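Input: a single structure, listed below in C-alpha coordinates.
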Amino acid sequence: MYLIYIAEGKSKTSHYAIATGFMALGMMLPGMISGYMQQWLGYDGFFIWVVIAALPALILLKYISYPPEFGKKTSN
(Lines give C-alpha, C1' and ligand atoms only; values in the text may rest on other atoms or scores of the structure.)
Protein backbone atom coordinates (compact mmCIF):
# COMPACT_ATOMS: atom_id res chain seq x y z
CA MET A 1 0.00 0.00 0.00
CA TYR A 2 2.84 2.38 0.75
CA LEU A 3 4.37 1.88 -2.70
CA ILE A 4 1.03 2.62 -4.31
CA TYR A 5 0.68 5.69 -2.12
CA ILE A 6 4.08 7.14 -3.07
CA ALA A 7 3.72 6.32 -6.78
CA GLU A 8 2.01 9.58 -7.65
CA GLY A 9 2.52 11.92 -10.54
CA LYS A 10 2.62 11.68 -14.31
CA SER A 11 4.35 8.28 -14.50
CA LYS A 12 2.71 6.27 -11.71
CA THR A 13 3.49 2.90 -13.25
CA SER A 14 7.19 3.70 -13.71
CA HIS A 15 7.50 5.04 -10.17
CA TYR A 16 5.82 1.92 -8.80
CA ALA A 17 8.09 -0.37 -10.85
CA ILE A 18 11.26 1.40 -9.68
CA ALA A 19 10.12 1.33 -6.05
CA THR A 20 9.28 -2.38 -6.38
CA GLY A 21 12.78 -3.00 -7.75
CA PHE A 22 14.37 -1.24 -4.77
CA MET A 23 12.14 -3.27 -2.45
CA ALA A 24 13.23 -6.51 -4.14
CA LEU A 25 16.88 -5.45 -3.86
CA GLY A 26 16.29 -4.82 -0.17
CA MET A 27 15.16 -8.43 0.19
CA MET A 28 17.77 -9.98 -2.09
CA LEU A 29 20.93 -8.46 -0.57
CA PRO A 30 20.22 -9.59 3.02
CA GLY A 31 19.08 -12.95 1.68
CA MET A 32 22.46 -13.49 0.08
CA ILE A 33 24.25 -13.31 3.43
CA SER A 34 21.57 -14.69 5.74
CA GLY A 35 22.76 -18.28 5.42
CA TYR A 36 26.27 -17.35 6.44
CA MET A 37 24.96 -15.29 9.35
CA GLN A 38 22.79 -18.20 10.52
CA GLN A 39 25.77 -20.56 10.47
CA TRP A 40 27.86 -18.02 12.39
CA LEU A 41 25.21 -17.08 14.99
CA GLY A 42 23.25 -20.35 15.21
CA TYR A 43 19.47 -20.53 14.99
CA ASP A 44 18.80 -18.85 18.34
CA GLY A 45 21.25 -16.03 17.72
CA PHE A 46 19.98 -15.52 14.19
CA PHE A 47 16.39 -15.27 15.44
CA ILE A 48 17.40 -12.66 18.01
CA TRP A 49 19.34 -10.75 15.33
CA VAL A 50 16.31 -10.72 13.00
CA VAL A 51 14.01 -9.47 15.76
CA ILE A 52 16.45 -6.67 16.69
CA ALA A 53 16.96 -5.73 13.02
CA ALA A 54 13.17 -5.47 12.53
CA LEU A 55 12.63 -3.08 15.45
CA PRO A 56 13.52 0.16 13.58
CA ALA A 57 10.99 -0.64 10.85
CA LEU A 58 8.31 -1.41 13.43
CA ILE A 59 9.03 1.85 15.23
CA LEU A 60 8.81 3.81 11.96
CA LEU A 61 5.33 2.41 11.31
CA LYS A 62 4.05 4.72 14.02
CA TYR A 63 5.12 7.77 12.02
CA ILE A 64 3.75 6.81 8.58
CA SER A 65 0.41 8.45 7.95
CA TYR A 66 -2.05 8.01 5.13
CA PRO A 67 -4.90 10.34 4.24
CA PRO A 68 -8.16 9.02 5.72
CA GLU A 69 -9.73 8.69 2.25
CA PHE A 70 -6.81 6.77 0.70
CA GLY A 71 -7.84 3.41 -0.74
CA LYS A 72 -11.56 4.01 -0.44
CA LYS A 73 -13.87 3.97 -3.41
CA THR A 74 -15.26 7.30 -4.43
CA SER A 75 -18.89 7.51 -5.44
CA ASN A 76 -19.10 9.14 -8.87
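The values are calculated or read from the model by the stated rules, or taken from the named source; none is laboratory data. Because the structure is a prediction, the values reported are computed rather than measured. Surface areas here come from the heavy atoms of the whole protein model, side chains and all, with no ligands, DNA or RNA. Shrake-Rupley method; radii C 1.70, N 1.55, O 1.52, S 1.80 Å.
Some points to look at:
- Apportionment of accessible area to carbon and sulfur, the chain, percent (1.4 Å): 70
- Net length gained if the chain between residue 52 and residue 33 were fully extended (0.36 nm per residue, minus Cα distance): 5.2 nm
- Accessible solvent surface per residue of the chain, calculated while the other protein chains remain in place, 1.4 angstrom probe, Å²: 91
- Nearest-ten-degree value, helix 12-60 long axis tilted from longest Cα axis of the chain: 20
- Probe 1.4 Å - accessible area at residue 8, Å² to nearest ten: 100
- Label selected from (i) 1.37; (ii) 1.54; (iii) 0.97, the criterion being Cα Rg over 2.2 N^0.38 Å as computed here: (ii)
- For the chain, calculated [θ]222 nm from helices alone, where every DSSP H run of n ≥ 4 adds -39500 (n - 2.57): -25500 deg cm²/dmol
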